[in-house]
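> Below you'll find the structure I mean.
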Amino acid sequence: MTGKWTVTTRSAEETRALGATLGSLLQGGDVILLSGHLGAGKTTLTQGIAEGMGVRAYTKSPSFVLVNEYRQGRIPLYHMDFYRIEDPNEAWDLGIEDYLRGPGVLVAEWAERALSAFPPDCLRVSLAWVSEGERTLAFTAEGPRSADVLKHLREAWGRGG
Ligand SMILES: Nc1ncnc2c1ncn2[C@@H]1O[C@H](COP(=O)(O)OP(=O)(O)OP(=O)(O)O)[C@@H](O)[C@H]1O
Ligand SMILES: [Mg+2]
């Protein structure tokens, strides 16, 4: 089972709110892969996901360290950024397998640079700039678990976030 859903947000706050709704639905082992140009809103969405998982610390892009771990929430959040990766194999060097086996949720920016490292059942989000304050977020569920998450996200968002 797969699924697709595209939504347009009209401010960074709205993207954060969508992320928070998504974050509240996530369980250990879930993998969210984010793609989109610089400034598309990947980190903004991740800040919302963190908030929805109960992480209070400020979530910034981990561009220089590749991975930030947040353990203050309901379950751990591993926030990765592959912008600086030169070879997909670096994802393995990072110990990505251990993160995938761990109890937390993995969110990866610039995930398309390390796609081979992720399990098949992921929720992909492709973010695109529309105008100064608008972004489209195209969700694709790649397997049964991510399809279930996406279904619940659509329902929750349809009721007003
Ligand atoms: N609807 C919107 N959704 C998300 N961000 C928005 C929106 N409208 C404006 N913005 C602004 O766009 C910028 C998005 O930056 P953000 O760091 O989230 O992008 P990014 O995709 O993580 O970029 P990078 O690849 O550099 O890490 C922020 O300055 C945010 O305030
Ligand atoms: Mg970012």
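> Using a 1.4 angstrom probe, figure out how much accessible area region 1-141 has per residue, in square angstrom, rounded to the nearest whole.
47 Å²
> Please state the shape class of region 112-153: rounded when a/c is under 1.5, otherwise prolate if a/b exceeds b/c and oblate if not, all from the C-alpha gyration tensor.
Judged from the Cα gyration tensor, region 112-153 comes out oblate (a/c at least 1.5, b/c at or above a/b).
> Round to the nearest 10 and give me the degree value, 0 to 90, for the angle of helix 42-52's Cα axis relative to the longest principal axis of the chain.
Once rounded, one gets 80 degrees.
> If you take the charge dipole of the chain about its Cα centre, with +1 on Lys and Arg Cβ and -1 on Asp and Glu Cβ, which of SER146, ALA40, SER11 is farthest toward its positive end?
Positive-end residue among those listed: SER11.
> List every residue whose amide H lies under 5 Å from the amide H of ASP30, counting only residues 5 or more places away in sequence or on a different chain, with H placed 1.01 Å from N in the peptide plane.
Counting only residues 5 or more places away or on other chains, the set is LEU106.
> Still on this model: Give me the percent relative contact order of the chain, please, defined on Cα pairs under 8 angstrom at least 6 residues apart.
Result for the chain is 34 percent.
> If the only charges are +1 at each Lys and Arg Cβ and -1 at each Asp and Glu Cβ, what is the size of the charge dipole of the chain around the Cα centre, to the nearest 20 debye?
560 debye
> Let me ask you something else. Provide the per-residue ³J(HN,Hα) series for region 106-119, in order, calculated from phi with Karplus coefficients 6.51, -1.76, 1.60 and θ = phi - 60°, each as a whole number of Hz, with x at glycine and proline positions.
Values per residue, Gly and Pro as x: 10, 10, 10, 8, 6, 4, 5, 7, 9, 3, 5, 7, 9, x Hz.
> Rounded to the nearest 10 degrees, what's the angle between the helix 144-158 long axis and the longest principal axis of the chain, both from Cα atoms, 0 to 90?
Between the helix axis and the principal axis of the chain, the angle is about 30 degrees.
> Would you mind checking the radius of gyration and Dmax of the chain based on alpha-carbon positions, in Å?
In order Rg, Dmax, the Cα atoms of the chain give 14.3, 42 Å.
> Find the Rg to Rh ratio for region 68-161, where Rh is the Kirkwood radius over alpha-carbon pairs and Rg uses the same atoms.
0.99
> With a sphere of radius 12 Å drawn around the Cβ of PRO103, what net charge do the other residues whose Cβ falls strictly inside it have (Lys, Arg +1; Asp, Glu -1)?
Once all neighbours under 12 Å are counted, the net charge is 0.
> Further question on the same structure: Which angle from 0 to 90°, rounded to the nearest 10, does the C-alpha axis of helix 12-25 make with the longest principal axis of the chain?
70 degrees
> Another question, then. Kindly write out, for region 67-79 in residue order, the coupling ³J(HN,Hα) from the Karplus curve 6.51 cos²θ - 1.76 cosθ + 1.60 (θ = phi - 60°), rounded to whole Hz, with x marking Gly and Pro.
Going residue by residue, I get 9, 10, 10, 10, 10, 7, x, 3, 9, x, 10, 10, 9 Hz, with x marking Gly and Pro.
The values are calculated or read from the model by the stated rules, or taken from the named source; none is laboratory data. Computed from a predicted model, the values in this text were never measured in an experiment. Neighbour counts are summed over all protein chains in view; Cβ atoms, including those assigned to glycine, are modelled from backbone coordinates with ideal geometry. Ligands, DNA and RNA are excluded from the accessible area calculation, which covers all protein heavy atoms including side chains. Shrake-Rupley method; radii C 1.70, N 1.55, O 1.52, S 1.80 Å.
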